[in-house]
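Participant: Can you read through this structure? Questions will come right after.
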Amino acid sequence: MKAKQAIPIGITAAVLIAGLIGCIAVMSRDKGSTAQIYRENKLLYTIDLDSVKEPYNITIAGDHGEENIIRVEHGSISMESASCPDKLCVSQGESHTGLPIVCLPNKVRIVVTDEQEADAYAG
Amino acid sequence: MHMQAKEIAALGVFAAAGAGIHAAEALLPPIVPIPGIKPGLANIITLMVLRRYSPRAAAMVLIVRIAIAALLSGNVSGLAYSLAGGILSFAVSAFVYRVLGRDGLWFAGVAGALAHNGAQFAIAVFIMGKGVLVYAPFLAVAGCITGLFTGLAAKFASDKLSP
């Protein structure tokens with residue numbers, strides 16, 4: 001019985017540790033200042049956040065009445081509002097963790113990277 | 001295919017409990033602001049039925065629970081995703097339980113949660129492109145934690161339940 005438990009405990013621990021290492025790796029990446037806004041995996045906007053002087057909003061409209069309003073400020077970008085039910089993308093706040101801001105229902109994605117990575121994504 | 005009236009009644013109670021948990025969980029604010037991470041507490045009920053009755057009974061309770069919860073929360077458009085994720089996750093849980101037996105119930109929870117997150121993630125990558133791949137480690141960690149919680153909760157609750 002003990003031996004039978006060893007394999008599942010090992011698998012769980014391995015996935016957990018690998019996942020934690022991955023999380024730390026993702027969150028400790030250098031934060032860039034180039035924001036890219038995608039909808040349905042197509043690049044719509046590329047914004048250099050350091051050169052933004054006056055804050056402004058960008059509205060992304062979908063084919064079926066979906067709407068995402070994105071707030072662009074000097075050095076930061078965030079989802080101001082969204083027409084989706086859960087508003088997870090709004091509660092994600094600014095993209096400061098290196099994770100993209102994602103609105104799954106409306107298929108909108110905001111990525112903040114540095115220039116080189118931006119080129120790699122585009123290619 | 002023949003079921004005892006007592007068993008049918010009990011499964012109805014389990015399905016109702018699961019639907020209640022499922023709907024209540026949908027009302028909670030997100031714990032972490034990452035899409036696709038949720039506790040999946042209703043899975044405790046599915047795992048309990050899997051151990052107490054049979055995979056077939058658990059599958060029936062699962063489908064009834066998801067259908068009722070969709071109607072309760074008014075989110076019928078999410079029904080197809082919910083069913084697809086739930087059935088895949090259950091298939092993995094049932095397989096693990098078959099291989100490991102009673103002592104593996106907690107791992108059936110972990111494997112099911114990871115399968116659920118994996119399937120959701122695959123759909124997200126398909127729709128959104130590879131830019132969302134950086135979410136993978138977060139979903140893996142979340143699957144381990146929520147799966148451990150639901151799996152162990154199902155184990156302890158089943159141990160306390162009178163035979």
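Participant: Hey, does region B:13-34 have a residue that's out of contact with any Gly (no Cβ under 7 Å at 6 or more places or on another chain), at pLDDT 95 or above, surrounded by fewer than 14 Cβ atoms within 10 Å (Cβ to Cβ) and not hydroxyl-bearing (Ser, Thr, Tyr)?
Facilitator: Within region B:13-34 (the criterion being out of contact with any Gly (no Cβ under 7 Å at 6 or more places or on another chain), at pLDDT 95 or above, surrounded by fewer than 14 Cβ atoms within 10 Å (Cβ to Cβ) and not hydroxyl-bearing (Ser, Thr, Tyr)), the answer is yes, since at least one residue qualifies.
Participant: Kindly indicate the residue of region B:116-134 that is in contact with a helix residue (DSSP H, G or I) (Cβ under 7 Å, 6 or more places away or on another chain) and in contact (Cβ under 8 Å) with a residue 40 or more places away in the chain and also farthest from the other protein chains (Cβ to nearest Cβ) among those meeting that condition.
Facilitator: B:His116
Participant: Taking strands (runs of 3 or more DSSP E) that do not extend beyond region A:1-88, which have at least 2 residues that are under 30 Å from B:Phe149 (Cβ atoms)?
Facilitator: A:76-82
Yes/no matrix, rows are residues, columns are (1) within 14 Å of chain B (Cβ to nearest Cβ); (2) in contact (Cβ under 8 Å) with a residue 24 or more places away in the chain:
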| position | (1), (2) |
| --- | --- |
| A:Pro8 | yes, no |
| A:Thr12 | yes, no |
| A:Gly32 | yes, yes |
| A:Tyr45 | no, no |
| A:Leu49 | no, yes |
| A:Thr59 | no, no |
| A:His64 | yes, no |
| A:Ile69 | no, no |
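Participant: Quick check: anything in region A:82-98 more than 25 Å from B:Pro137 (Cβ to Cβ) and exposed (fewer than 14 other Cβ atoms within 10 Å of the Cβ)?
Facilitator: There is at least one residue in region A:82-98 that is more than 25 Å from B:Pro137 (Cβ to Cβ) and exposed (fewer than 14 other Cβ atoms within 10 Å of the Cβ).
Residue-by-condition table, conditions (1) closer than 22 Å to A:Leu88 by Cα; (2) within 14 Å of chain A (Cβ to nearest Cβ); (3) assigned to a helix (DSSP H, G or I):
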{"site": "B:Ala10", "(1), (2), (3)": "no, no, yes"}
{"site": "B:Val13", "(1), (2), (3)": "no, no, yes"}
{"site": "B:Ala19", "(1), (2), (3)": "no, no, yes"}
{"site": "B:His22", "(1), (2), (3)": "yes, no, yes"}
{"site": "B:Val32", "(1), (2), (3)": "yes, yes, no"}
{"site": "B:Leu41", "(1), (2), (3)": "yes, no, no"}
{"site": "B:Val61", "(1), (2), (3)": "no, no, yes"}
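Participant: Turning to a different aspect of this structure: Which condition number does A:Leu43 fail, the rest of (1) surrounded by fewer than 17 Cβ atoms within 10 Å (Cβ to Cβ); (2) of a type in the set (A, V, I, L, M, F, W, C); (3) farther than 21 Å from B:Ile123 by Cα being met?
Facilitator: (3)
The values are calculated or read from the model by the stated rules, or taken from the named source; none is laboratory data. Fair warning: this is a prediction, and the values are worked out from it, not measured in the lab. Here the Cβ is made from the backbone with ideal geometry for all residues, glycine too, and neighbour counts use every protein chain on show.
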